[in-house]
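The values are calculated or read from the model by the stated rules, or taken from the named source; none is laboratory data. Everything quoted here is computed from the prediction, not taken from an experiment. Neighbour counts are summed over all protein chains in view; Cβ atoms, including those assigned to glycine, are modelled from backbone coordinates with ideal geometry.
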Amino acid sequence: MGAEMDFLARVTAIVGGTMVLLRRVNAPGTQAFGANPSIPEAKKQGIMTLKMPTAKGWEPGQTPKAAPGLKVNAFASELQHPRWIEVLPNGDVLVAEAMQQGRPPKTLFDKAAQATMRRARALGTSANRITLWRDEDGDGVAERREVFIEKQNQPFGMALVNGTFYIGNTDGIVAFPYEDGATRLTGEGRKLVDFKPDGHWTRSLLVSPDRTKIYAGVGSLSNIADEGMEVEEGRAAIWELDLETEKARVFASGLRNPVGMAWEPTTGALWTVVNERDGLGDETPPDYLTSVQDGGFYGWPYCYWGQIVDDRVPQDAALVSRAIQPDYALGGHTASLGLCWMPEGTLPGFPDGMVIGQHGSWNRSTLSGYKLVFVPFENGKPSGPSRDILSGFLAEDESVSYGRPVGVCIGPDGKSLLMADDVGDIIWRVTAA
């Protein structure tokens with residue numbers, strides 16, 4: 001980081017610290033969690049709270065804290081900002097290594113935010129590759145590393161269907177020929193769908209249970225359509241790609257930044273985790289986990305948590321009237337990104353439910369997230385409070401982060417979880433103790 005950016009980051013930390021202390025006085029005492037959360041009344045912040053711990057990484061021998069009955073080990077290390085994971089049928093583990101890249105800052109706040117994000121290792125030069133990791137002796141640690149593909153455009157989501165490998169780059173979905181057991185993609189890629197890049201840049205992918213469609217999460221460019229709705233067209237949405245016709249459409253909209261997606265097997269419903277808007281308070285509105293309906297509209301940018309109007313935004317009453325309330329609140333600004341379905345029996349003591357990688361907040365007076373959590377399900381719906389699976393990613397004084405959870409998936413053995421940590425540059429593996 002250059003001297004000017006380093007100075008700006010330090011000044012921002014001082015000014016931001018003062019704002020944080022002032023806002024902490026009136027901060028809500030509890031987080032907005034669950035199916036019926038208590039969401040405080042919006043308080044426009046003007047200058048948004050800007051608080052992000054310095055990225056430190058893990059000391060030798062230091063690990064996240066696993067829940068009772070579980071243990072954690074490093075499956076793969078020395079990556080470059082690992083974000084998303086895909087397990088192939090032969091047990092190979094693919095990891096997308098990519099990072100947000102800064103747009104030219106337009107305001108002093110933009111410059112301050114970018115300086116702070118660089119200090120937190122959330123902004124920088126993207127590796128733009130996918131690496132393959134193979135645990136050849138079955139001890140839970142990968143011995144073999146290969147470059148599966150490189151020179152992509154902020155790759156994130158991955159999917160394999162019938163000999164074709166799909167990559168969710170920030171500017172679209174690309175398809176490559178794939179042979180079973182291959183350690184590298186060698187053919188030319190075909191671009192099937194175009195997405196607008198920048199802003200919320202991640203493009204997660206999820207294959208339908210019948211293997212005929214792929215769903216892609218595409219986040220908004222801005223916080224609340226700050227640059228108008230024209231540039232947001234096709235964004236803040238989940239897209240559906242028909243693999244036979246190779247035609248794509250918006251499946252659901254009004255989702256500010258839908259990242260992880262998963263199928264709930266009892267009902268067959270698609271679920272996602274969504275990062276909500278900034279600038280209205282520590283818990284307002286909460287990020288959320290929700291089922292997603294075909295054609296459904298979920299409020300952004302006009303309203304949140306159903307039909308609570310955001311009066312900072314020019315309104316569309318017709319859209320507000322049909323905004324769907326999410327199913328389950330995940331706390332304000334937890335940056336819930338990773339999502340996977342975990343069947344009962346995967347980890348001891350855990351029933352059916354969803355596992356969520358909470359990347360952690362940067363914009364509230366007391367930080368939130370920085371955990372891998374579990375939400376139990378019954379009859380196709382969340383059925384109780386969340387539980388921690390991994391914690392300890394954030395120092396107690398909130399000054400530094402050792403790691404930040406992102407993508408999560410079931411391990412090749414069906415009895416473990418793999419989780420990407422983009423500050424620790426590690427893939428963690430969680431198993432029974």
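Quick notes on this one:
- So P348, is it touching a strand residue (DSSP E or B) at 6+ places or on another chain (Cβ under 9 Å), more than 26 Å from S208 (Cα to Cα) and not in a strand (DSSP E or B): yes
- Cβ-Cβ contacts under 8 Å between residues 6 or more apart (or on different chains), taken from a first residue in segment 422-433 that is buried (at least 22 other Cβ atoms within 10 Å of the Cβ) to a second residue that is assigned to a strand (DSSP E or B) and modelled with pLDDT under 95, are listed as V423/A55.
- Residue, nearest to T125 (Cα to Cα), within segment 41-84, restricted to residues that are at pLDDT below 95 and outside any loop (DSSP other than H, G, I, E, B): A55
- Taking the listed residues T30, T18, the one that is over 18 Å from S401 (Cα atoms), at pLDDT below 95 and in a loop (DSSP other than H, G, I, E, B) is T30, with no other qualifying.
- Count of segment 353-388 residues which are farther than 24 Å from T202 by Cβ, part of a loop (DSSP other than H, G, I, E, B) and either touching a residue at least 40 places away in the same chain (Cβ under 8 Å) or among the hydroxyl-bearing types (S, T, Y) (or both): 6
- Of all residues in segment 391-401 being touching a Phe, Trp or Tyr at 6+ places or on another chain (Cβ under 7 Å) and part of a strand (DSSP E or B), the one that is nearest to A32 (Cα to Cα): L394
- Sole residue being aliphatic (A, V, I, L, M), surrounded by 20 or more Cβ atoms within 10 Å (Cβ to Cβ), out of contact with any strand residue (DSSP E or B) (no Cβ under 6 Å at 6 or more places or on another chain) and at negative phi, chosen from A113, A96, A142, A76: A113
- Taking segment 142-173 as the range and being acidic (D, E) and farther than 28 Å from E244 by Cβ as the test, the residues that pass are E143, E146, E150.
- Looking only at segment 239-268, and only at residues there that are touching a Lys or Arg at 6+ places or on another chain (Cβ under 8 Å) and in a strand (DSSP E or B), the one that is surrounded by the fewest Cβ atoms within 10 Å (Cβ to Cβ): D242
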